[in-house]
Structures are given as C-alpha cells and as structure tokens.
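Working notes, structure below.
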Amino acid sequence: MSHKNKAIDIIPPKHIWVGDKTAPVTLLQFGDYESEACAKLQPVIEQLLDRYEGKLRFQFRHFPLTQVHQRAHKAAEASVAAAQHGRFWEMHCLLFRHRRNLGSISLRDYALEAGVIDKNFISNLTDSVFGWTVRADLLEGLEMGVRTVPALFINGDRYMGLLNMAQLSKAVGSELSKAKQKRA
C-alpha cells in the first residue's frame, strides 16, 4: 500500500484555540487571509488576548471568499497544514502580514519561517490534503449565518458592533461580568 492512500488524522481548526482553554469568554472569528478587514482586525484580537489573558480564548475559522480572493483557500489550507505541526498561530500571523503575496512558493516560505518542517508541505497543498477541512469551516460558517468576513461570535452569540478595541473590549467585559454573576 502506498503512502498516498494512507489516511491521516487532521487536527481541524475547530479544535485549535489560542488562550486559556478554561477562559470564561470565547471569541470565534470566521475570516479570510486576503481580506483587508480581517487583517486590520488581527492586531485588535492580539490586544484583546493580552488585555484579557486567562479570561479570553480565541479561535479562527476559515471562510475564504474565493470569488474575490483566489488565493485565500490555499492560504487557509496552509494554516491548517501548519497547525498539524503546532504552528497555527505563527502561520496565521504571517499570512495576514503577507496577504498580498500568497502563492504556493511564498506559502512554503512562510511555513518555514513559522517553524514548520515538512517535506510534503507543497505536495499537500497541491493535492488539497487540507481542502475539505477548510470547506468544513466554510459550511459551518454558512450554517451560522456568516456571509462575509470578518464575522465574530462572542460566547456563541454573533457580535455586530464595531471592530475596534474599545467596542470589542466592552463586549468581552460584558461577557466577563455575566460569567462572574453566574458563578456568584
């Protein structure tokens, strides 16, 4: 039996979190690596994670808008590939930083920069090994009512406010207050 036909266990994005896994507040984002709005939101997410360390956890799910962003799907696959090596967050940040240059060779270079050592990286992208994993995120997003990105959910509820530090911080703070009241 060849290695090509051998099934591999894939860690899906819905199992990858940044922050304390026991945090009372969860922030879920559906996004696209070529999206300018998602890229602008990234530093805000990082600030929120710093401000609410231990109280907030974050998850990024893939929602590539492939009709306008032709390279977003492969970039999402590359982040899933990096996640298999424990390097999702590093790759995630690099993809946003280089969102205008997401060709396959560039993706391989970003993976190396993120610390991914995988001789099959390019062939996995070419063979779309992680394509269905990205598609599963997209379908779940559609089921949750996502139509555009960035789409945020705080503790399962859709966040419709402004995507800035002040408003998101207020929303996270409100969820923390609710969590404290439940424990009291």
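Summary of computed values
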{"item": "Residue check for GLU113: closer than 16 Å to ILE16 by Cα, modelled with pLDDT of 95 or more and either touching a strand residue (DSSP E or B) at 6+ places or on another chain (Cβ under 8 Å) or surrounded by 12 or more Cβ atoms within 10 Å (Cβ to Cβ) (or both)", "result": "no"}
{"item": "One residue from THR66, THR22, THR26 being touching a strand residue (DSSP E or B) at 6+ places or on another chain (Cβ under 6 Å), of a type in the set (Val, Ile, Thr) and either surrounded by fewer than 19 Cβ atoms within 10 Å (Cβ to Cβ) or assigned to a loop (DSSP other than H, G, I, E, B) (or both)", "result": "THR26"}
{"item": "First in segment 98-122 and in contact (Cβ under 8 Å) with a residue 40 or more places away in the chain, second anywhere and charged (D, E, K, R) and in a loop (DSSP other than H, G, I, E, B), Cβ under 6 Å, 6 or more apart", "result": "ARG99/GLU34; LEU102/ARG71"}
{"item": "Residue within segment 51-67 that is touching a helix residue (DSSP H, G or I) at 6+ places or on another chain (Cβ under 6 Å) and over 22 Å from LYS14 (Cα atoms) present", "result": "no"}
{"item": "Options VAL68, VAL44: the member that is farther than 15 Å from LEU138 by Cβ, over 11 Å from the mean Cα position of the chain (by Cα) and of a type in the set (A, V, I, L, M, F, W, C)", "result": "VAL44"}
{"item": "Criterion: closer than 17 Å to GLY131 by Cβ and in contact with a strand residue (DSSP E or B) (Cβ under 8 Å, 6 or more places away or on another chain) - qualifying residue of ASP32, ASP9", "result": "ASP32"}
{"item": "Residue in segment 6-19 that is of a type in the set (Gly, Ala, Ser), at pLDDT below 95, surrounded by 18 or more Cβ atoms within 10 Å (Cβ to Cβ) and touching a helix residue (DSSP H, G or I) at 6+ places or on another chain (Cβ under 9 Å) present", "result": "yes"}
{"item": "Any hit, segment 139-148, residues being crowded, with 19+ Cβ neighbours inside 10 Å, over 18 Å from GLY54 (Cα atoms) and acidic (Asp, Glu)", "result": "no"}
{"item": "Near pairs, Cβ below 9 angstrom, 6+ apart or cross-chain, from segment 130-147 (of a type in the set (Asp, Glu)) to any residue that is assigned to a helix (DSSP H, G or I) and surrounded by fewer than 16 Cβ atoms within 10 Å (Cβ to Cβ)", "result": "ASP137/LYS14; GLU140/LYS14"}
{"item": "Neighbours by Cβ (under 8 Å, 6+ apart or cross-chain): first from segment 24-50, farther than 16 Å from ARG71 by Cα; second hydroxyl-bearing (Ser, Thr, Tyr) and not in a helix (DSSP H, G or I)", "result": "VAL25/TYR52"}
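The values are calculated or read from the model by the stated rules, or taken from the named source; none is laboratory data. The structure presented is a predicted model; accordingly, all values stated were derived computationally and were not measured. Note that we place each Cβ from the backbone using ideal geometry, even for glycine, and neighbour counts take in every protein chain shown.
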